[in-house]
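J.: Okay, handing you the structure first.
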Amino acid sequence: MKAIIPVAGRGTRLRPHTLTVPKPLVQVGGRPVISYILDDLLALGVDEIVFVVGYLRDVVRAYIEEEYPRITSHFVVQEVQDGTAGAIHLAEPLIDEEVLIVFVDTLFDADLSLPRTLSEEWAGIIWAKEVEDFQRFGVILTDGDGAMTRIIEKPAEPVSRLANIGLYYIRDWRLLFEGIRHVLALSPGPGGEFFLTDAFQYMVDHGARIRTAPVGGWYDCGKVETLLETNHHLLRTARAGVSRAARIEESTLEGAVRIEAGASVVRSRLGPNVTVSEEAVVESSTLRHCIVGPGARIRGSRLRESIVGAGSRLQGASGAVNLGPDSAISGDG
């Protein structure tokens, strides 16, 4: 099968980091968010992907082509941010078989091999997660067989707690694009957007059965606070460790931390939940629950719940800091 990955958004909730870095390339656990998803797709045997690009498109394309030469990559441009249905519609000329659609605002623990065993009665799969704060999400209503009957955006009443996470497999791709064309012919929703979920509703209304499937975990990467939470999860489960090519001197590491090759940590206390990226320097500082970008320099600071962007300089700072790439702050210590 092929895959479609929309990466055209501006990532406004992650500013100032996304002023110069596309949201899919923001790092968590020492790697760009999108790299986790691309590795999963390659492991599944999916090596032809349509990327729907827009904002900072050249940066996204350069990263994909350099880091993932195994992928047969296609790039289509979403000039107007007209929603998820509009984004997927742009990929239609390149899709001629079953397809995975993956939005990269989140990471997830999902069994992507399910399509291999899916019986012929099903036109697709929507992966979903049970949540308590159902008002924040599009929630899925199902029948007794676990088939989608409706998706309701941000319901006021608890009609369902099964949240749509932005991960889909579509076997009946022809009906999907028929549904998208139908949606695009209607009036747009709030903000001038057309929603992919309305195309799924079209499929269901025309007899398709779309199965819901659970995910073990779902980790938001779209905001500063949730990016730090996702970093914590990754360090606790798989990504903690200190590279042999890192320099650690007169320092204490507590709990789950990750220190990349070429990084230096001197006379400092780090952890828990701290990632120090390649070639970064931390001196005479205390960091808790922080992400330090590649090549950043931190001296004489006490930070918590902070993200310091790539190439930034921070001295004498205290508290929670959200510093974008190639920026500088110098405090009084």
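J.: Checking the a/c ratio against 1.5 first, then a/b against b/c, what shape does the Cα gyration tensor give for region 20-74?
T.: Oblate shape, in that a/c is at least 1.5 and b/c is the bigger or equal ratio.
J.: Taking only DSSP H segments of four or more residues, each worth -39500 (n - 2.57), what value at 222 nm results for the chain once the sum is divided by all its residues, to the nearest 500 deg cm²/dmol?
T.: My calculation for the chain gives -5500 deg cm²/dmol from helical runs alone.
J.: Taking the Cα centroid of region 159-208 and of region 1-51, what is the distance between the two, rounded to the nearest whole Å?
T.: 22
J.: Suppose the Debye formula is applied to equal point scatterers at every Cα of the chain; what is log10 I(q)/I(0) at q = 0.09, 0.14 Å⁻¹?
T.: -0.52, -1.09
J.: Moving to a separate point now. Taking the simple approach of a point 7 Å from Cα along Cα-to-Cβ for both SER187 and ALA62, what is their distance in nm?
T.: So the label points at SER187 and ALA62 sit 4.4 nm apart.
J.: Using only the alpha carbons of region 1-111, what is the convex hull's orientation-averaged projected area in square nanometres?
T.: Spelled out: convex hull of the Cα atoms, projected over all directions, averaged, 7.0 nm².
J.: Compute a Gaussian network model of the chain, connecting alpha carbons closer than 10 Å, and tell me which residue from PRO22, PRO294, PRO93 fluctuates the most.
T.: PRO93
J.: With the crude spin-label approximation of a point 7 Å out along Cα→Cβ, what separation in nm comes out for GLU178 versus ASP47?
T.: Between GLU178 and ASP47, the label points sit 3.4 nm apart.
J.: Top mean-square fluctuation among GLY144, GLY319, GLY295, Gaussian network model of the chain, C-alpha springs under 10 Å?
T.: Greatest mean-square fluctuation among the candidates belongs to GLY144.
J.: Identify all aspartates and glutamates with a Cα-Cα distance to LYS154 below 19 Å; exclude those on the same chain that are fewer than 8 residues away in sequence.
T.: Hits, sequence-local ones excluded: ASP105, GLU130, GLU132, ASP133, GLU193, ASP198, ASP220.
J.: Just read off the accessible area of LYS154 with the full protein assembly in place, 1.4 Å probe, to the nearest 10 Å².
T.: Accessible area of LYS154: about 130 Å².
J.: Could you tell me the relative contact order of region 207-280? Use alpha-carbon pairs under 8 Å, at least six residues apart, and round to a whole percent.
T.: Relative contact order comes out at 23 percent.
J.: Using a Gaussian network for the chain with springs between C-alpha atoms less than 10 Å apart, which of these wobbles most: THR18, THR84, THR106?
T.: Of THR18, THR84, THR106, the Gaussian network model singles out THR84 as fluctuating most.
J.: Same structure again: Counting only the heavy atoms of the protein chains, how much of GLU97 is accessible to a 1.4 Å probe, in Å² to the nearest 10?
T.: Ignoring ligands and nucleic acids, GLU97 comes out at about 70 Å².
J.: Next question, about the same structure. On a 0 to 90 degree scale, rounded to 10, what angle separates helix 57-67 from the longest Cα axis of the chain?
T.: Result, in degrees: 80.
The values are calculated or read from the model by the stated rules, or taken from the named source; none is laboratory data. Note that the structure is a prediction, hence the values are computed from the model and not measured. Neighbour counts run over all protein chains shown; Cβ positions are idealised from the backbone, glycine included. Remember, those area values only see protein heavy atoms, side chains included, never the ligands or the DNA or RNA. Shrake-Rupley method; radii C 1.70, N 1.55, O 1.52, S 1.80 Å.
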